[in-house]
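Written below as structure tokens is the structure these notes are about.
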Amino acid sequence: MPDKQTYAEVFQSRGLSRRDFLKFCSLTSVSLGLAPSLLPKVVHAMETKPRTPVIWLHGLECTCCTESFIRSSHPIVADVIMNMISLDYDDTLSAAAGHQLEEVRRKIMKEYKGQYILAVEGNVPTKDDGVYCMVGGDSFLNVVKETAADAAAVIAWGACASFGCVQNADPNPTGAQPIDKIISGKPIVKVPGCPPIAEVMTGVITYVHTFGKLPELDRLGRPKAFYSTRIHDKCYRRAFYDAGMFVRGFDEESAKKGWCLYKMGCKGPTTYNSCSKIQWNAGTSFPIGSGHPCIGCSEPNFWDKGPFYTRLADVSFLGTDTNADKIGVVAVGAAAAGAAAHAAVTAMKKKHHDEASEK
């Protein structure tokens, strides 16, 4: 295979100016939430580093992660695939198939040993020697292990690869397991969601390409830049939650007015993701914005945590253990107490005024 071009070389070959190149680097650093002081590092990486080889595998999944990825707008997926990385293998997007495509995968593994990124979409069936997912006549279990052996890092796309998702849910007849249960001894970043947000996916790839390492991760292996706050904390319906104003039926007037969906089963108060900040489809919407409660798809075992439309038992609210019912009661009680206090102060002032007048 020919040597990989740097991003700057790709820009130059297409007749784009350095101004355009620097503008792209600036927009990329902003989308990653990087400090302005780190912009020179982004520029340096894009000017000097060759495009990163990527092998993208598909296991037990519905391809929704790929569907999300190709809809990224910051940066657009065309820039990521054609310029920033070299997506040399993807059995969903590739024109080749079967043994011909598997030869390509092994060639990449040999020529870029220890340099390529392994991206995995879907989880891995382990029962009956992995017979429930076969690729090119071999089990996906064997393919994943073989490909991961010489990878520089592993990206687990979506809830399936990160935590197991529906295939891993009880009773899990195929023995489906997330990637970190199959691969060991390799740095793994989990990008959960069903599917994950497009800009989160391209942002993780951009970070790895720029800095040559995985971003800072939380205790579950998710990048903190995108999974450090609860959906509830940035939700535009939060004001209604604080006021105790909840939707109780999807056909009610309250639903049309955008009240809080907590009592309809919304898992936003316990789910860490960027949905309410980055949103979807170029920032036009996200499930809660469309009137559907969050189902907590970026959290482990979300499929087994009870019915989606049953409200949470309680919610950790501003460092206290309370729930939405109590919040509403407290809000009303506080208002009543305030009114009573105001009335008492007014009465006392009137009494003192009357006594002074009599004297």
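The values are calculated or read from the model by the stated rules, or taken from the named source; none is laboratory data. These numbers were taken from a predicted model, which means no experiment stands behind them. Cβ placement follows ideal geometry from the backbone for every residue including glycine, while neighbour counts extend to all protein chains displayed.
Kindly establish whether Ala239 is more than 17 Å from Tyr309 (Cβ to Cβ) and more than 20 Å from the chain's Cα centre (by Cα).
yes
Scanning for something of a type outside the set (Phe, Trp, Tyr), at pLDDT 90 or above, at positive phi and in the same structural domain as Lys267 (by TED's automatic domain parsing), does the range 312-324 turn up at least one residue?
The answer is no; no qualifying residue exists.
Looking for whichever is touching a residue at least 40 places away in the same chain (Cβ under 8 Å) and at positive phi here; the options are Gly193, Gly258, Gly203, Gly185. Which one fits?
None of the other options fit; the residue is Gly193.
Please identify the pairs in which a residue from the range 221-248 that is free of Cβ contacts under 8 Å to residues at least 24 places away in the same chain and in the same structural domain as Leu312 (by TED's automatic domain parsing) has its Cβ atom under 8 Å from the Cβ atom of a residue that is of a type in the set (D, E, K, R) and not in a loop (DSSP other than H, G, I, E, B), counting only partners at least 6 apart or on another chain.
Note: pairs meeting the criteria are Val247/Lys263; Arg248/Lys263.
Considering only residues that are in a loop (DSSP other than H, G, I, E, B) and surrounded by fewer than 22 Cβ atoms within 10 Å (Cβ to Cβ), which ones fall in the range 238-258?
Those that are in a loop (DSSP other than H, G, I, E, B) and surrounded by fewer than 22 Cβ atoms within 10 Å (Cβ to Cβ): Ala243, Gly244, Met245, Arg248, Gly249, Phe250, Asp251, Glu252, Lys257, Gly258.
Within the range 276-294, work out how many residues are without any contact (Cβ under 8 Å) to a residue 60 or more places away in the chain and over 13 Å from the mean Cα position of the chain (by Cα).
Number of matching residues: 9.
Mind listing whichever residues of the range 12-26 are surrounded by 14 or more Cβ atoms within 10 Å (Cβ to Cβ), at pLDDT 70 or above and out of contact with any helix residue (DSSP H, G or I) (no Cβ under 7 Å at 6 or more places or on another chain)?
Listed by number, the residues that qualify are Gln12, Phe24.
Listed here are the residues, each with its yes/no results for (1) touching a residue at least 12 places away in the same chain (Cβ under 8 Å); (2) over 30 Å from Pro307 (Cβ atoms); (3) assigned by TED's automatic domain parsing to the domain that holds Leu57; (4) in contact with a strand residue (DSSP E or B) (Cβ under 7 Å, 6 or more places away or on another chain).
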| position | (1), (2), (3), (4) |
| --- | --- |
| Tyr89 | yes, yes, yes, yes |
| Ala97 | no, yes, yes, no |
| Glu102 | yes, yes, yes, no |
| Lys107 | yes, yes, yes, no |
| Cys133 | yes, no, yes, yes |
| Phe140 | yes, yes, yes, yes |
| Ala151 | yes, yes, yes, yes |
| Val166 | yes, no, yes, no |
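So which residues in the range 161-192 are loosely packed, with under 15 Cβ neighbours inside 10 Å and in contact with an Asp or Glu (Cβ under 6 Å, 6 or more places away or on another chain)?
Once the filter is applied, which keeps residues that are loosely packed, with under 15 Cβ neighbours inside 10 Å and in contact with an Asp or Glu (Cβ under 6 Å, 6 or more places away or on another chain), the range 161-192 yields Ala169, Asp170.
Is it true that some residue in the range 57-68 is at pLDDT below 90 and farther than 18 Å from Pro192 by Cβ?
Taking every residue of the range 57-68 in turn, none turns out to be at pLDDT below 90 and farther than 18 Å from Pro192 by Cβ.
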